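Colleague: Got a structure for you, questions after.
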Amino acid sequence: MRKRRFCMLLLVITITGLFATAGIVLALNSREIVRAVEVRNPTGSKGTVFVVFRPGVTGFNEDIVNAFIRGLIASDWRVEVTTSSQQTPTNVTAYNIIVLGTPTNGGKPHQSMLDYLARVNFGGKSVILILTSGGDGLDSMGYFRDATINANGTVLTELRFQLFEAGAADRAYTAGTEVAV
Ligand SMILES: Cc1cc2nc3c(=O)[nH]c(=O)nc-3n(C[C@H](O)[C@H](O)[C@H](O)COP(=O)(O)O)c2cc1C
């Protein structure tokens, strides 16, 4: 009897822990992340790339976006980088190319990215999409592409990276070095 009660108690604690963890992840994942626009390689000679991304829970999206930016800088692009939030600039006239980075959540790009895409008008400029996901991210990339086209962006390249993919950062770096207008 005592053993049964102990097992029940253990089960209740485990389930409560799982719900609490899920709640914390969801809360962390949905919070607004505002960062000032940061300039990297200010003297870059190729032109300016505007990077908007969503830093996620594991840091994978940010690592991939940063590797891509290192590739851009190796090719001497000037880069301005910030996060997707209500504060993200919507005037993109000063930029040659736009790069958008987002994790997949519930089969779609992060809501902060979709909200940004609903507010911005890219005026036909070239946009590179960087999507990270646990799965293959195909459906999510479809949403990402459609939302970018609706924002009057011309999708130049679509890059998908899977969590735990071997060599993902190297692939992102190489893709960054290959960007051309
Ligand atoms: C709340 C939440 C929902 C997620 N939903 C999906 C999903 O529907 N499909 C998928 O492939 N990955 C999904 N993932 C995995 C993330 O896309 C992946 O871990 C992420 O791209 C890693 O980058 P980040 O930690 O920087 O966000 C989800 C992750 C979280 C936290």
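Colleague: Where does the charge balance sit around residue 77 when Lys and Arg score +1, Asp and Glu -1, over other residues with C-beta under 12 Å from its C-beta?
Modeller: Once all neighbours under 12 Å are counted, the net charge is +1.
Colleague: Go through region 137-143 residue by residue and turn each phi into a ³J(HN,Hα) via Karplus (6.51, -1.76, 1.60, θ = phi - 60°); whole Hz please, and just put x for glycine and proline.
Modeller: Couplings: x, 5, 5, 4, 5, x, 4 Hz.
Colleague: 222 nm [θ] for the chain, helices only, -39500 (n - 2.57) per DSSP H run of 4+, per residue, to 500?
Modeller: Calculated mean residue ellipticity at 222 nm is -14000 deg cm²/dmol.
Colleague: Using Cα positions and a limit of under 24 Å, work out the lysines in reach of residue 125, with same-chain residues fewer than 8 apart set aside.
Modeller: Counting by Cα, and skipping residues close in sequence, residue 125 has these lysines nearby: 46, 108.
Colleague: Mind checking region 1-65 for trypsin sites (Lys or Arg not before Pro) that DSSP puts in a loop (not H, G, I, E or B) and that have at most 12 other Cβ atoms within 10 Å?
Modeller: Counting only loop positions with at most 12 other Cβ atoms within 10 Å, the trypsin sites (Lys or Arg not before Pro) in region 1-65 are 31.
Colleague: Along the Cα-to-Cβ line of residue 21, 7 Å from the Cα, sits a label point; which residues in region 147-181 have backbone N less than 15 Å from it?
Modeller: none
Colleague: By the scheme Lys and Arg +1, Asp and Glu -1, what is the net charge of all other residues having a beta-carbon under 15 Å from that of residue 152?
Modeller: Net of charged neighbours comes to +2.
Colleague: Residue 48: net charge of surrounding residues, Cβ under 10 Å, Lys/Arg +1, Asp/Glu -1, itself excluded?
Modeller: +1
Colleague: Kindly state, as a whole number, the per residue volume in cubic angstrom of the convex hull around the alpha carbon atoms of region 38-177.
Modeller: So the per-residue hull volume is 91 Å³.
Colleague: Would you list the P(r) distribution for region 2-119, with all Cα-Cα distances sorted into 5 Å bins from 0 and each bin expressed as a whole %?
Modeller: Answer for region 2-119: a P(r) of 2, 11, 17, 18, 14, 10, 7, 5, 5, 4, 3, 2, 2, 1, 0 percent.
All of the numbers you see were taken from the coordinates with simple rules; none came from a lab. From a predicted model like this one, the values you see are computed outputs, not experimental measurements. Heads up, the Cβs are rebuilt from the backbone with ideal geometry, glycines too, and the neighbour counts pull from every protein chain shown.
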